[in-house]
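Heads up, the thing below is written out as structure tokens.
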Amino acid sequence: MPRRQAIFLDRDGTLMEEVNYCNDPATVQAIPGAGEALSLLREQGWLTVIVTNQSGLAKGLITPAQYEAVNAELLRQLGGGIDAIYFCADHPDQPTERRKPQPGMLHEAALDLEIDLSSSWMIGDKPIDVECGRNAGCRTMLVRTGYGSAQSNTDADFVMKDVTEALQRILTLGE
């Protein structure tokens, strides 16, 4: 069976407006147009996978129930459109291979969902997202939402205004 293409997406600052250690679904605001763009890509056979560091869990700033409620609200606002969510609760002082910029979550998703990483994309708002994608062998995009607005030097393949523009770019590349 041929391996599939995927778009890996950071959550906070990429798919939704940045809220420091978001623990309240009422503060979730999906990036306008993201849900529609995700639907178009899924219609073309792309898998869509959220990969997110959530150190707030390890720090006691977010409960597992709050994390799940925030995800549920984001998915509601996006109209679904996400095939899987992988998260890493590691504290930054004690990272494992799963914590971005390491590629562990992408490798795990590739095994679980039969993904070809070399024909996939990683989209995020931080250099660690770009580095994670590169470490996994994906093409990369940095978005200028969230922390991306403050990034001047990046080795991303593309730098885009937001995730909607990034997803539309992938559609136009015909990959």
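Here are some notes:
- Placing pseudo-labels 7 Å out from each Cα toward the beta carbon at residue 112 and residue 172 gives an inter-label distance of 3.3 nm.
- Label of the coordinate-derived value, Cα extents along the principal axes in Å, listed as [x] 48, 44, 30; [y] 42, 37, 31; [z] 58, 29, 28: [y]
- Other residues whose C-beta falls under 15 angstrom from the C-beta of residue 87 contribute a net charge of -4, scoring Lys and Arg +1 and Asp and Glu -1.
- About the centre of its Cα atoms, the chain shows a dipole size close to 140 debye [charges on the beta carbon of Lys, Arg (+1) and Asp, Glu (-1) only; nearest 20 debye].
- Distance between the modelled labels on residue 27 and residue 3, one decimal in nanometres: 3.8 nm (7 Å Cα→Cβ projection).
- The share of C-alpha pairs in region 96-175 whose separation exceeds 15 Å stands at 54 percent.
- Considering only 128, 115, 82, the Gaussian network model of the chain with Cα springs below 10 Å gives its largest mean-square fluctuation to 128.
- Contact order normalised by residue count of the chain, Cα under 8 Å, 6+ apart, percent: 26
- Dipole in debye (nearest 20) - region 94-134, about Cα centre, beta carbon charges: Lys, Arg +1; Asp, Glu -1: 220
- Gaussian network model of the chain, Cα within-10 Å springs - most flexible of 51, 159, 19: 19
- Annotation: lysines with alpha-carbon distance below 27 angstrom to residue 161 (same-chain offsets under eight excluded): 100, 126.
- Rounded Å value of the spacing that divides the Cα centres of region 12-36 and region 110-175: 17
- Considering only 74, 122, 102, and ranking their Cα positions along the charge dipole of region 68-131 that arises from unit charges at the beta-carbon of Lys, Arg, Asp and Glu, the one farthest toward the positive end is 74.
- GNM flexibility winner over the chain from 43, 165, 17 (Cα, springs under 10 Å): 43
- Footprinting exposure proxy for 131, 36 (fewest neighbouring C-beta atoms within 10 Å first): 36, 131
Since every read-out is calculated from the coordinates, none of them should be taken as a lab result. All figures in this text were calculated on a predicted structure; none of them were measured in a lab. Neighbour counts run over all protein chains shown; Cβ positions are idealised from the backbone, glycine included.
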